[in-house]
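These notes are about the structure you will find just below.
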Amino acid sequence: MKIVHSKSAPEEPKTSQTPLLDTVNEPADMRGFNDDQLKQLADELRLATIDAVSKTGGHLGAGLGVVELTTAIHAIFNTPDDKLIFDVGHQCYPHKILTGRRDRIETLRKGDGLSGFTKRAESEYDPFGAAHSSTSISAGLGMAVARDLQPDSKTKHIISVIGDGAMSAGMAYEALNNAGALKSKLIVILNDNNMSIAPPVGAMSGYLTGLVSSKPYFTARDMAKKITKLLPEPLQKAAARAEETARVTLGGGTMFEEMGFYYVGPVDGHDMHALLGILRNVRDNIDGPILIHAITKKGKGYAPAENAPDKMHGVAKFDVVTGNQFKSKSLRPSYTKVFAQELIEQAHKDDKIVGITAAMPGGTGMDLFGKEFANRMFDVGIAEQHAVTFAAGLATEGLKPFCAIYSTFLQRGYDQVVHDVAIQNIPVRFAIDRAGLVGADGCTHAGSFDIAYLGCLPNFVLMAASDELELKHMVATAAAYDDGPIAFRYPRGEGTGIDMDTPAKILEIGKGRIVHSTSNYFTPLEGGRPPACGHDGQSDTNSVALISYGTRLSECKLATEMLEAEGLTVTIMDARFAKPLDKALIKSLAQTHDTLITIEEGSIGGFGSYVLDFLNEENLIGTACRVHTMTLPDIFQDQHAPDKQYEAAQLVAKDIVKKVL
């Protein structure tokens, strides 16, 4: 029988939701649009941003809050010759869509894809890479001064967009102070989406901020200044104060005026027509530093993000209609949660324990601690330098501060760690989250260097948890340790699934443990140390000792299965401590094994280097056994899934086996 297929009617072509945006491949394509078209373009850009992040995950709320600002800046200024610098970079997704990267936006934060932050190597429209906060004004001022010193420069305008949270860091004020003194032409836009530092924005304030940014106002102000110069000096000062008071009363900003900036604001950061007018005025009239105070709403235009700005700040893939995120569920607790829960447990026993975080209460688990002990948890804002010294001050008066800061962010407070903590041997406890590689956030957020930069400091004790139960022990150990500063590191993500019913115990400082051995000289002792070795100075034939510092311990166990299948005898040591080293145990391993390999989730110059130095001093390298170190590679690794990053770093089981064989 012949089957006849009926022809269906041709489908109607789908109408694009972003017809204007579809015509924009770079900012130059939008500069012929009128103001109404630019407003439409911003609306379409918001839709495109929501659609892209729903498929990739990433930072959503911050980008939605600056859609109008981003559109207006690229429309009014001549980027990339004019320089647009975003602070932190969380809000840069709309910027990437407008600057020739829309066709790649769905590779955001993926391997070989677009970075989640601005990145110089990615586009000429990213003049400065930013993933840590509060850098945009300093970088912008540097570019402005470079422009002033080079008469042939194509750059006319520098625009630094900084969020209100980033303004809590001292670096921003250092830059403002310097810029005000230098008087270079620099535009700073304060994206105020959270802090209550301004009166409500309405029609009247919008009118007034447009007025004070206009050319007639600038002209009148300059004319008034010339006239008042003819007056006696006391009257000159009185007139200047009166003008400033009147203008600041219209919109606020006394502090910025005192620092040498001309203040415009507050302005509604979502009123496209107002923004365009003010930016044109500023572009055409200013000849010095100016600060535009824009009030925005995080997650603007997307109800789920507006209603839950914290949960929709950094998101997994999500359903656009409902806002529900597609997060995989796990029965394993995260290391961050294990830390928080054990800290709470210790704090119930010891009322001297206090918690500190630098604008990352949710990321560090300190929000859980704060719910339990509201008056003993301090979020100091994006101010790691202050957090460290604040903790030192608390400790001098007998409290036990736990300073919970990501490894990458603790770098920002390094001088304070050295000068205010280590030199004075003050017992501050550092909980170092996000140790090792962190996946989609890439190299700017990787915890690669803390072993090296803390290990070189006298007085410090350094620990690394190999699993979540070890992390419990290390929190308890830090709470009990009062002889100086102590730090413990742990990774992002979920634990190994180990039984957590075992109560936390206080570890002996500087003592590791043997977790596996087929050596003639070592037998596994759960949580303990091997018996006296009793060896005769000769190592086992074909024997290897793996010394793990941190959560690569699980890969060492997998590698051991492969090595033992090849007929080798293997001992695994969980070092626990990088400082002080368990020298006796390491020496015994070196004397009784052909090969000794250290494995760590940190840069060269860390744990492996300390072991090498010790064994060299003991004259054991080469004479007793071969020693090799396995560290993160000497590069900045781009974003990818964490397991792919560790494969690329050659720190997985097969690489350990390859190193041995």
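Couple of notes before you dig in:
- The set of residues in region 479-489 that are open to solvent by 10 Å² or more (accessible area, probe 1.4 Å) and assigned to a loop (DSSP other than H, G, I, E, B) comprises 481, 482, 483.
- Selection within region 490-507 - assigned to a loop (DSSP other than H, G, I, E, B) and either touching a strand residue (DSSP E or B) at 6+ places or on another chain (Cβ under 9 Å) or β-branched (Val, Ile, Thr) (or both): 490, 491, 492, 493, 495, 496, 498, 502, 506, 507
- Wholly enclosed helices (runs of 4 or more DSSP H) of region 357-473 bearing at least 1 residues under 27 Å from residue 633 (Cβ atoms): 361-364, 384-396, 407-410, 450-455
- Tally of residues being open to solvent by 60 Å² or more (accessible area, probe 1.4 Å), over 17 Å from residue 430 (Cα atoms) and either of a type in the set (D, E, K, R) or not in a helix (DSSP H, G or I) (or both) across region 347-356: 2
- Matching residues, region 374-404, being within 24 Å of residue 337 (Cα to Cα) and among the polar types (S, T, N, Q): 375
- Residue list for region 51-96, filter: in contact with a strand residue (DSSP E or B) (Cβ under 9 Å, 6 or more places away or on another chain), among the hydrophobic types (A, V, I, L, M, F, W, C) and modelled with pLDDT under 95: 52, 53, 60, 62, 66, 86, 88, 92
- Some residue of region 2-11 being in a loop (DSSP other than H, G, I, E, B) and at pLDDT 55 or above: yes
- Across region 292-310, a minimum of one residue is classified as small (Gly, Ala, Ser), open to solvent by 10 Å² or more (accessible area, probe 1.4 Å), farther than 25 Å from residue 402 by Cα and not in a loop (DSSP other than H, G, I, E, B).
- Subset tally (residues that are over 25 Å from residue 295 (Cβ atoms) and in a helix (DSSP H, G or I)) for region 141-159: 8
- Out of 162, 137, sole residue that is within 22 Å of residue 358 (Cα to Cα), of a type in the set (Val, Ile, Thr), in a helix (DSSP H, G or I) and modelled with pLDDT of 85 or more: 137
- Within region 463-473, being open to solvent by less than 10 Å² (accessible area, probe 1.4 Å) and in contact (Cβ under 8 Å) with a residue 60 or more places away in the chain holds for 463, 464, 465, 466, 468, 470, 471.
- Long-range neighbours under 7 Å by Cβ, at least six apart or interchain, first residue under 19 Å from residue 274 (Cβ atoms) and touching a residue at least 60 places away in the same chain (Cβ under 8 Å) within region 291-320, second among the acidic types (Asp, Glu) and in a strand (DSSP E or B): 293/192; 294/192; 295/192; 295/268; 296/192
- Against the numbered list (1) open to solvent by 40 Å² or more (accessible area, probe 1.4 Å); (2) on the phi > 0 side of the Ramachandran plot, residue 323 comes up short only at (1).
- Residue count for region 517-562, restricted to those that are out of contact with any Asp or Glu (no Cβ under 9 Å at 6 or more places or on another chain), modelled with pLDDT under 95 and not polar (S, T, N, Q): 14
- Residues in region 357-372 that are open to solvent by 20 Å² or more (accessible area, probe 1.4 Å) and without any contact (Cβ under 8 Å) to a residue 40 or more places away in the chain: 361, 367, 368, 371, 372.
The values are calculated or read from the model by the stated rules, or taken from the named source; none is laboratory data. This is a predicted model, so every value here is computed, not measured. For neighbour counting, all protein chains shown are included, and Cβ atoms are generated from backbone atoms with ideal geometry for every residue, glycine included. Only protein heavy atoms, including side chains, enter the accessible area calculation; ligands, DNA and RNA are left aside. Shrake-Rupley method; radii C 1.70, N 1.55, O 1.52, S 1.80 Å.
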